[in-house]
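Down below is the structure, laid out as structure tokens.
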Amino acid sequence: MLYKRNPQLNKNGELIHLLTTEGLPKSILTQILDTASNFVSIGHREVKKVPLLRGKSVFNLFFENSTRTRTTFEIAAKRLSADVINLDIAKSSASKGETLLDTVANLSAMAADIFVVRHSESGAPYLIAQNVAPHVHVVNAGDGRHAHPTQGLLDMYTIRHYKGDFANLTVAIVGDVLHSRVARSDIHALTTLGCAEVRVVGPKTLVPYDMAQMGVRVCHTLEEGIKGADVIIMLRLQNERMSGALLPSSQEYFKSFGLTPAKLQWAKPDAIVMHPGPINRGVEIDSAVVDGQQSVILPQVTFGIAVRMAAMSIVAGNEA
């Protein structure tokens, strides 16, 4: 049965945890995007609140540093009228050796309803989801190299907002694909939503050998990768996750794979440029592109609030 194959869904096929875009049916992805559409306008109101999570407690457990993701989750929860608790991991009992599950068990005893989890270890949100009470929900805010589903979904929302239907689109994901949980989440979502062609672009040292098995086209030159593309998603070099020298230098990388206004002309004239952040100007992308007319990097951040509102409201509305 469906719910036994996918721990994110209950026996009725409804979303109870958001752990990855992999394996989620198109109907669930579309439900999140459609729900987010209803929330976008809330940001323009004088009173930016709806009562959907009133009386619920959302615990943000960020074991890795974050600016955009943590802040937008906090804003999203507050706009849903939830009580938000940001755990300071450096000052928590986790720094004294308390296990992850013991930390979660103690917070659950404080009547937690939703855990938003970012962790350096792949699979940590899954572990938590398997060990919480049926009424508690887990949203993955990024785990290791594995997945970042809400970033993937806000990327899908951004693409749909500017380009409409996915069926005729060519999307290029450029950069450090090897270490990118965003790339994996984007690829799973794009293929499920029926994107015409997904390309991953980067030097051989930064593209996993099994990428083609995910149904994407692998390109090792920027020109081939973005030529005729409708959407370009740039990724930063994740030096903190690299072991050994995978590149000659950041300058050499920029020369070959950095997106400049001149290189952007290889894509379609109306192509949009995206980036999950943080941006390293002059490494993977030129400032003139970041600040240019084809950039939708800041709208991505804005849409992220609505998408995270959608994810939390949907999981909280379903029982295990």
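Where a number appears in this text, it was derived from the coordinates with a stated rule and is not lab data. Just so it is clear, the model here is predicted, and its values are computed rather than measured. Positions of Cβ are backbone-derived with ideal geometry, glycine not excepted, and every protein chain shown enters the neighbour counts.
Quick notes on this structure:
- From the alpha carbon centroid of segment 158-236 to that of segment 4-30 is 23 Å.
- Put simply, segment 73-216 fits an ellipsoid with semi-axes of 33, 19, 12 Å; these come from the alpha carbon gyration tensor as the roots of five times its eigenvalues, largest first.
- Normalised by residue count, segment 41-117 yields a Cα convex hull volume of 90 Å³ per residue.
- Residues in segment 264-299 that a label on residue 196 would reach, taking backbone N under 19 Å of a point 7 Å out along Cα→Cβ: 265-274
- Three-way shape label, segment 1-146, alpha-carbon gyration tensor, a/c 1.5: oblate
- Scoring 271-277, 284-290 by mean Cβ neighbours within 10 Å over their residues and listing the highest first yields 271-277, 284-290.
- Charges were assigned to the Cβ only: +1 to each Lys and Arg, -1 to each Asp and Glu. The resulting dipole of the chain about its Cα centre is roughly 320 debye.
- Backbone HN-Hα couplings from phi across segment 136-148 [Karplus 6.51/-1.76/1.60, Hz, Gly and Pro as x]: 9, 10, 10, 10, 7, 9, x, 10, x, 8, 7, 8, 8
- The chain, relative contact order [Cα under 8 Å, separation at least 6], %: 21
- Shape box of segment 141-246 [Cα atoms, principal axes, largest first, Å]: 41, 32, 22
- Simple spin-label estimate for residue 49 and residue 223 in nanometres, 7 Å along Cα-Cβ: 5.7
- Nearest-ten-degree value, helix 149-163 long axis tilted from longest Cα axis of the chain: 50
- Protection proxy ranking, peptides 119-127, 75-83, 162-170, average beta carbon neighbours within 10 Å, highest first: 75-83, 119-127, 162-170
- Whole-number D in µm²/s for segment 1-62 (Stokes-Einstein; Kirkwood sum over Cα pairs; 10 °C, 1.306 mPa s): 113
- Rg and Dmax, both from the Cα atoms of segment 169-311 and both in Å, are 14.3, 42.
- Distance-filtered residues of segment 50-75 - backbone nitrogen under 20 Å, label point 7 angstrom along residue 105 Cα→Cβ: 59, 61
- Taking only the C-alpha atoms of segment 95-178, the Rg (one decimal) and the largest Cα-Cα distance, Dmax (whole number), read 16.9, 52 Å.
- Across every pair of non-identical alpha carbons in segment 133-185, the mean reciprocal distance, once inverted, gives a Kirkwood radius of 12.8 Å.
- For the chain, the spherically averaged projection of the C-alpha convex hull amounts to 16.4 nm².
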